[in-house]
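Please treat every number below as a calculation from the coordinates, not as lab data. A quick note: this is a predicted structure, and the numbers were derived from the prediction, not measured. Note: ideal-geometry Cβ built from the backbone for every residue, glycine included; neighbour counts use all protein chains shown.
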Amino acid sequence: MEELAEAAVEGAIDAGAGYADARAMVTRTESVDALNQVVEGLRIDESSGVGVRALIGSSWGFFATQDLTTSAARAAGARAAEIARASATVSGAPMTLADVPINQAEWATPYTEHPFDVSLAEKGDLVVAVTRTMQEVAGVALARCEITMWDTDKYFVSSQGHRIHQHIVESGGGMDATAVGESETQRRSYPQSFGHYGTGGYEIIRGFDMPGNAQRVAEEAVALLTAPECPEGVVDIVLESSQVALQIHESVGHAIELDRILGWEAAFAGTSWLDVNKIGSLRYGSDIMNIKADATLPGSLGSFGYDDEGTPAQSVDIVKEGTWVGVLSGRDSAAVAGLPPGGMVRGDGYNRLPMVRMTNVGLVPGDSNLDEIIAATDDGVYMATNRSWSIDDKRLNFQFGCEVGWEIKNGKLGRMVRNPTYTGIGPEFWASLDMLGNESEWVFWGVPNCGKGQPIQSAHTGHPAVPARFRNVRVGVKG
Amino acid sequence: MSRALEVADKVLEMVARAAPAADAEVAVSDGHTALTRFANSFIHQNVGEADLTVMLRATVDGRAASSSTTAVGDEGLERLVAGTLAAARLRPEDPDWPGLAGAAPVPDVDHYDEATEFAEPAERAGIVKAFVDRGEGLLAAGYCDSEGGTRAFVNSAGQRVSGRSSRATLDAIHQVGETFHAAGKAHATSSRLADLDGSAGGARAAQKARDSAEPTELEPGRYEVVLEPECVGEMLSFLMFYGFNAKQLIEGQSFVALGERQFDESITLVDDVTDPRAIGTAFDMEGTPKRSLDLVRGGVSEAVVHDRRTAKKMDTESTGHAIPGGESWGAFPENVFLAAGDTSPADMIASIDRGLLVTEFNYCRILDPKTQVVTGLTRNGTFVIENGKVAGAIKNLRFTQSFVDALAPGAIRAVGNDARFAAAEFGMGIVHCPTLHLASWNFTGGARG
């Protein structure tokens, strides 16, 4: 495959590109899902091709082909240059690329058990058995379980001399139980809503122990139907760590994408409330808020060896003791902003233009634990597992709903409440953060479906998180 | 014969040789997509792709597995067939397997324009330039795309159909100021790139952006609203996906009560691939001809869309709305038309003492499918209406609102005469709708939370 990427780059350069790079990729995917003991979906997908991007003037041109011949790859490179050149009709300042090390390298995801070595029969048995256990709880109408696994071979070549081969293996899944009432539905999920994923093999899925959690999840879904509504008001909230991960993703991860800050995503994903001139001085949150973007974390879904520009994976400080200090960037955006390139550019398959994406953007743990946080809370709500998420196009005004909540009174968990929601403004919310779980509760949550770009791209991102407490938050917003 | 049909036939023959007793469905898409993207008033990303994807669902003794590949050489297709058959044999038996669609003719539609499928980047750049040029002093951002190709479907029950379609969209904004603090939006979609008018869109977006330049804050609360087609398209997308979807109905998660007047009598909603304005081909992922459906007629919910699996469960026939991944998600209508009324948006505004004009919704997410309570925000132009006139721009608001309740009997004051394709959550060229004037909308938060 490497020779295809080389041919594509040569084609682009010969056609006039000032810079070109290409990825030749083969991605295989398996997914199995069951509803109420019936396997609904069993899919095996394979995509292979070459995607080449060419830089001319102010624009990237990109073209992808699935024709795995050197002549087709070369033609794709020439076409990418031709497309870039057409952008001159509406051009801007010439784009430059920040310098990065030129690497020739191999990298592979460590794994114990390759997910495709486990038979489809075993996978089918697992998802069916999990749904059976959930269905045995009276009142459960819908019991679902799903697992998905990816195996990607990626060859990266650039006109500056990069030659990198990576083999990335990812696995994960999840389950949920839904109880249907007269006027609403209630759902509980595990390990988190829409599943939890990581880089690694089938050992990730075995480690979830979904069968061992199925009954509890189902019972909680049924109990929610008759639980009282989350009260309206302004109270302290304690968030379970997967909800903290989602909070980070939406109100920090997207806001710090440099392409958004520069306006490159304005029409679709949006911009950001952040201004690069305020890096190093802007308060993002309280003193205990420390956020890193770390693509080197073992097992986390946003980990890799090199990004899709050939830049080595790195750990970058984003928020340090509450002060904003870093961004997610690539070679082009970093050059525009005068910042160091972060190695955070990835494309969704061979046929999508790489762009700035989150790696593993997460919280550095604190020094408490969940029991201590609840014990220290007089009046509040503990909320777990995301159910809905919405945030404005500058990543400020958010409203999130969780699957389940429990009242906290005088340092103890009280009754379960349904439809818990909370809303706020990002920096005000993060400024109210005053307790964090410790390293023993640190989970590298994986999100496999982060949407961005046009055509839309889905990225795999990681979010290390711990339970956290936020003070004086508006809860219980209703329609 | 098209290349898509040739490949589909070839894969079907390969399955027949490898497993004569297996049922097989082969769907092939073969086409070109291209997208020209701009920001800060210049083109920064410009992409294209030639794609041929083969999808195979094979069923052995009532055990089905699905696979897809872009490796369409002999070796890749052999791997596809062998892998699918092996997977099917390993899976648990499927008691809900509905069998294959029989041979049946599909509606004769032509929503294809060759010039759109093979449009050159210079043509899209020309449309972008026309849009950008109308916004002097503003920052333009958005995209113009064009795509087209052939879909083919064959199965071992004798169904063998193909069709072509194309689509082009201009979806873009103009913004005021370097902090992108106010914006105005324009959207156009057609089966023909030549129909897109960058200059008209640019003028509209620029005017909205300039009108939005100095927004004030407004207290959240319930307001009478005029919702432009992008808002309405978003609402209808949620109603389709979570409501008029037989799988959701079977699972008890849909709000739809067939035969009941759930909407205002001014609401008539159809799915009709034979409409000359429609985009797409006339058969679904299972090869079933798309049936034209009255989903809502005069406010009464009359039908939901089916694939073969849900049709079997409800003892009816598929309506031809199966989609990729439909085993898990259910069926989805892709040619939705909300009937236009006879009121102009200007007349709607003139009739309102105090209300809001909303250009677009942003980041809508459902809190519960059964109640259709959704939270989201306004975007790209939100204005206050006072004494029958647009009185000024306001900052974006958050809402938490049941989409069903918002369209309930008596809740619609007027239906616009300006129906067009609207940008919406699940894709372009899917929902065609007018502006709506609604009695009430629940805004639950503002710029300060």
In Å and on Cα atoms, what radius of gyration and Dmax does the stretch B:19-135 show? 21.2, 63
Please work out the Cα convex hull volume for the stretch A:133-248 and give it in Å³ per residue. 165
C-alpha center-to-center spacing [the stretch A:88-121, the stretch A:189-248] in angstrom: 31
Using +1 on the beta carbon of Lys and Arg, -1 on that of Asp and Glu, and nothing else charged, what's the dipole of the stretch A:134-256 about the Cα centre, debye to 20? 560
Assuming a viscosity of 1.002 mPa s and a temperature of 20 °C, what translational diffusion coefficient in µm² per second does Stokes-Einstein assign to the stretch B:1-85, Rh being the Kirkwood radius over Cα pairs? 149
For A:ILE102, A:ILE147, B:ILE43, B:ILE412, ascending order of other Cβ atoms within 10 Å (fewest first) is A:ILE102, B:ILE412, A:ILE147, B:ILE43
Which FRET efficiency value, to the nearest 0.05, do you get for B:THR316 and B:GLU78 by plugging their Cβ-Cβ distance into 1/(1 + (r/R0)^6) with R0 = 41 Å? 0.60
List the residues, sorted by chain then number, that are 5 or more residues from B:GLY177 or on another chain and whose placed amide H is less than 5 Å from its amide H. B:LEU139
Can you pull a Stokes-Einstein diffusion coefficient for the stretch B:191-296 at 10 °C (1.306 mPa s), Rh from Kirkwood over Cα pairs, as a whole number of µm²/s? 88
As an exercise, identify the GluC sites (Glu not before Pro) in the stretch B:269-333 lying in DSSP coil whose Cβ has no more than 16 other Cβ atoms within 10 Å. B:GLU317
Considering only DSSP states other than H, G, I, E and B, which chymotrypsin sites (Phe, Trp or Tyr not before Pro) in the stretch A:217-296 qualify as loop sites with at most 11 other Cβ atoms within 10 Å? none
Apply 1/(1 + (r/R0)^6) to the Cβ-Cβ distance of B:ARG160 and A:GLU3, taking R0 = 35 Å, and write down the FRET efficiency to the nearest 0.05. 0.35
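Normalised by the empirical 2.2 N^0.38 Å for globular proteins, what value does the Cα Rg of the stretch A:76-178 take? Mind dumping the intermediate values first?
Details: Rg = 23.4 Å, N = 103, 2.2 N^0.38 = 12.8 Å.
Cα Rg divided by the expected 2.2 N^0.38 Å: 1.83.
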A correct fewest-to-most ranking of A:TRP60, B:TRP441, A:TRP389 by other Cβ atoms within 10 Å would be A:TRP389, B:TRP441, A:TRP60
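Using a 10 Å cut-off on Cβ atoms, rank the peptides A:359-365, A:116-122 from the highest mean neighbour count down.
A:359-365, A:116-122
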With n ≥ 4 as the cut-off for DSSP H runs, can you work out [θ] at 222 nm for the protein assembly as shown, using -39500 (n - 2.57) per run divided by the number of residues, rounded to the nearest 500? -6500 deg cm²/dmol
Using each residue's phi in the stretch A:432-447, evaluate 6.51 cos²θ - 1.76 cosθ + 1.60 at θ = phi - 60° and report the 3J(HN,Hα) Karplus result to the nearest Hz, with x for Gly and Pro. 8, 5, 9, 9, 9, x, 9, 4, 5, 10, 7, 10, 8, 5, x, 10
Please report A:LEU262, A:LEU339 as a ranked list, fewest other C-beta atoms within 10 angstrom at the top and most at the bottom. A:LEU339, A:LEU262
Of A:LYS292/A:LYS320; A:LYS394/B:LYS395; A:LYS394/A:LYS452; A:LYS320/A:LYS394; A:LYS278/B:LYS208, which sit over 19 Å apart, Cα to Cα? A:LYS320/A:LYS394; A:LYS278/B:LYS208
Give me, ordered by chain and number, the residues 5 or more places off A:GLY330 or on other chains with an amide H under 5 Å from its own placed amide H. A:GLY342
Under Stokes-Einstein, with the Kirkwood radius over Cα pairs standing in for Rh, what whole-number D in µm²/s applies to the stretch A:336-421 at 37 °C and 0.692 mPa s? 196
For A:TYR306, distant residues with modelled amide H under 5 Å away: A:ALA313
Separation of alpha-carbon centers, the stretch B:29-75 and the stretch A:16-30, rounded to whole Å: 15
Considering the protein assembly as shown, what Rg and Dmax in Å follow from its alpha-carbon atoms? 26.3, 75
Over chain A, the quotient of the Cα radius of gyration and 2.2 N^0.38 Å is 1.01
Between the alpha-carbon centers of the stretch A:408-467 and the stretch B:187-258, tell me the distance in whole angstrom. 29
Selection from B:VAL60, B:HIS44, B:ALA18 lying farthest towards where the dipole of the stretch B:1-64 points positive, charges on Cβ: B:HIS44
